[in-house]
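Below: one structure, written as structure tokens.
The values are calculated or read from the model by the stated rules, or taken from the named source; none is laboratory data. Nothing here was measured: the structure is a model prediction, and the numbers come from that model. Note: ideal-geometry Cβ built from the backbone for every residue, glycine included; neighbour counts use all protein chains shown.
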């Protein structure tokens, strides 16, 4: 009985730590839109922000793996898949996300982007042939209805261009997740991330060099924004997300991660006085309800 109680207590502690770690990840990822808005104000181009983001985050991830004795180079098809995921998938999604901030507030960007879990399910149906369930249909209807409500509530703030960009970002991220699942069947998740991040960074190095959009920050404020994006918005949440995932499982991690857009909306209201209307809240609630429904199905 004593051993059973101790085991139960240990499981509860592990559970609480896992939930806390995923919440920390949600808060960290939720700051990306905020830092992106600050970056625009500081005159930092999208290629500059994302190059530094992925470069610093890569050093952080490699450092941890090296300290753990787990850093190694992927090979063959797995390496090619990781490069493709980073240079095409994650890079495209990140570029679209920050581009969306030029058309909408950080809160609206986060809300529309968070339709991606519904698109993950849709891609599974189309690409993998998973069965279409009533839950899937209801979740997709909730997610798309939420987007419609947000746009209809503030057609000026949620421009059609901005919404289209963020839907494209959500679809790209859904495709990235779908392909990643296959790779992760034989590859450690953090090791895969260690290859995806530099591949994404190299994309912006090459693209920014061609368009002459790269610049070395000239002020402490600009450097602070870039460090914030790389560490608070990328490296730290990557670590805490995977650590939490290993403790509480994928479904609960997905549900708790819905804190991410809520954090962005709250910070946008506090820091930038972004408008928060009842229809916008209702639309965001529909989208998050779709995510929870999919995770608990």
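Things worth noting here:
- Scanning the range 163-176 for residues that are buried (at least 19 other Cβ atoms within 10 Å of the Cβ) and touching a residue at least 60 places away in the same chain (Cβ under 8 Å) yields 165, 166, 169, 172, 173, 175, 176.
- Meets criteria (in contact with a helix residue (DSSP H, G or I) (Cβ under 7 Å, 6 or more places away or on another chain), buried (at least 24 other Cβ atoms within 10 Å of the Cβ) and within 14 Å of residue 169 (Cα to Cα)) for residue 99: no
- The range 254-288, residues that are modelled with pLDDT of 85 or more, outside any helix (DSSP H, G or I) and surrounded by 15 or more Cβ atoms within 10 Å (Cβ to Cβ): 274
- Members of the range 177-189 that are assigned to a helix (DSSP H, G or I) and either touching a helix residue (DSSP H, G or I) at 6+ places or on another chain (Cβ under 7 Å) or buried (at least 18 other Cβ atoms within 10 Å of the Cβ) (or both): 177, 178, 179, 180, 183, 184, 189
- Exactly one residue out of 144, 191 is at negative phi and within 18 Å of the chain's Cα centre (by Cα), and it is 191.
- The residues on offer are 204, 239, and the sole one that is part of a helix (DSSP H, G or I) and either over 20 Å from residue 31 (Cβ atoms) or within 16 Å of the chain's Cα centre (by Cα) (or both) is 239.
- Qualifying residue in the range 32-40 (condition: on the phi < 0 side of the Ramachandran plot, modelled with pLDDT of 95 or more and out of contact with any helix residue (DSSP H, G or I) (no Cβ under 6 Å at 6 or more places or on another chain)): no
- Sole exception among (1) in contact with a helix residue (DSSP H, G or I) (Cβ under 6 Å, 6 or more places away or on another chain); (2) closer than 26 Å to residue 26 by Cβ; (3) surrounded by fewer than 23 Cβ atoms within 10 Å (Cβ to Cβ) for residue 67, by number: (1)
- Residue within the range 190-207 that is touching a helix residue (DSSP H, G or I) at 6+ places or on another chain (Cβ under 8 Å), at pLDDT below 90 and under 27 Å from residue 263 (Cα atoms) present: yes
- Scanning the range 101-131 for residues that are in contact (Cβ under 8 Å) with a residue 24 or more places away in the chain and not in a helix (DSSP H, G or I) turns up 101, 102, 103, 104, 105, 114, 115.
- Sole residue being surrounded by fewer than 23 Cβ atoms within 10 Å (Cβ to Cβ) and closer than 19 Å to residue 191 by Cα, chosen from 16, 72, 53: 72
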